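Here is the structure we will look at, set down as structure tokens.
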Amino acid sequence: QVQLVESGGGSVQSGGSLRLSCAASGSIFIVVSMGWYRQAPGKQRELVARVTTGSNTNYADSVKGRFTISRDSAKNTVYLQMNSLKPEDTAVYYCNADIKAAILRPSAEYWGQGTQVTVSS
């Protein structure tokens, strides 16, 4: 089994910053990719940012230039530095990881429990 534990959410005023962390633990052979999704009330869950084993990254257009995703492979941890936050960034942020538990097993997708980010104007 694999667990994803998130931390770092909270409330901040517009223009402020927050840093989210997500640590993967359990039966891990290799973490193929890790990322962050978010879901605002009444909206579908959307990709915010993702980083692969090769450190390739991709971002939602709405966060480019403001958010930075990074990864500590030794700790199986991913970070999301969020700067210049806007009220429209308010959502529950979910950590997501694509993980192989063993060399001959296919990768599986895992989700964290979610952490609330609230940005007030």
In whole µm²/s, the translational diffusion coefficient that Stokes-Einstein assigns to the chain, given a Kirkwood hydrodynamic radius over C-alpha pairs, 37 °C and 0.692 mPa s, equals 227 µm²/s
What ³J(HN,Hα) values, in whole Hz, does the Karplus curve 6.51 cos²θ - 1.76 cosθ + 1.60 give for region 5-16 when θ = phi - 60°, with x put for Gly and Pro? 10, 9, 7, x, x, x, 10, 8, 7, 3, x, x
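Go ahead and run the numbers for FRET between F29 and T52, Cβ-Cβ distance against an R0 of 25 Å, rounding to 0.05.
After rounding, the FRET efficiency stands at 0.95.
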What full-extension length gain, to one decimal in nm, is calculated for A60 and D72 as 0.36 nm per residue of separation minus the Cα-Cα distance? 2.2 nm
Which of the lysines could be linked to K64 by a straight reach, that is with a Cα gap under 18 Å, when you skip same-chain ones fewer than 8 residues away? K86
Taking θ = phi - 60°, what integer Hz values does the Karplus form 6.51 cos²θ - 1.76 cosθ + 1.60 yield along region 33-46, in sequence order, with x for Gly and Pro? 7, 9, x, 10, 10, 9, 9, 8, x, x, 10, 7, 5, 10
Enumerate the lysines that K75 could reach by cross-link, defined here as Cα to Cα under 24 Å, with residues fewer than 8 away along the same chain left out. K100
Can you run phi through the Karplus equation (6.51, -1.76, 1.60; θ = phi - 60°) for region 64-72 and list ³J(HN,Hα) in whole Hz, with x for Gly and Pro? 4, x, 10, 10, 9, 9, 9, 9, 10
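Readers should treat all values here as calculations from the given coordinates under stated rules, not as data from a laboratory. Just so it is clear, the model here is predicted, and its values are computed rather than measured. With ideal geometry, Cβ positions are generated from the backbone for all residues, glycine too; neighbour counts draw on all protein chains shown.
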